[in-house]
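Taking it in order: structure first as structure tokens, then the write-up.
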Amino acid sequence: MTFRFNVDKYQRVDIAELKLKWSDLAATLTSLQRAVELIGMVVRNTGFAWETLDRQLAQMADEFWLPSDAG
């Protein structure tokens, strides 16, 4: 459950009602990558390994969808 500010109060938003897909998350992450990199460089003077994140997310998604008897 998340909240959205509306006029002068917060209202609950049921995330399931948004009908988000995995591709929505991927598109959001892609659009935010450069901003996160720039903020990170300013704050910590570092970079971020986006390729590693992509590999880890793909591996987690693959493992999630494996049949339970695939072991």
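The values are calculated or read from the model by the stated rules, or taken from the named source; none is laboratory data. Since we're looking at a predicted model, the values are computed, not measured. All Cβ positions, glycine included, derive from the backbone under ideal geometry; neighbour counts span all protein chains shown. Surface areas here come from the heavy atoms of the whole protein model, side chains and all, with no ligands, DNA or RNA. Shrake-Rupley method; radii C 1.70, N 1.55, O 1.52, S 1.80 Å.
Extension gain for the segment Asn6 to Val42, taken as residue separation times 0.36 nm less the Cα-Cα distance, is 9.7 nm to one decimal.
Of the accessible area of the chain, with the probe set at 1.4 angstrom, what percent is carbon plus sulfur? Heavy-atom surface of the chain belonging to carbon and sulfur, 1.4 Å probe: 59 percent. Within the chain, what is the longest stretch that has no trypsin sites (Lys or Arg not before Pro) placed in a DSSP loop and near at most 15 other beta-carbon atoms within 10 Å? Between exposed loop sites, the widest span is 22-71. Based on protein heavy atoms only, the chain ends up with 93 Å² per residue of surface accessible to a 1.4 Å probe.
The alpha carbon convex hull volume per residue for the chain rounds to 161 Å³.
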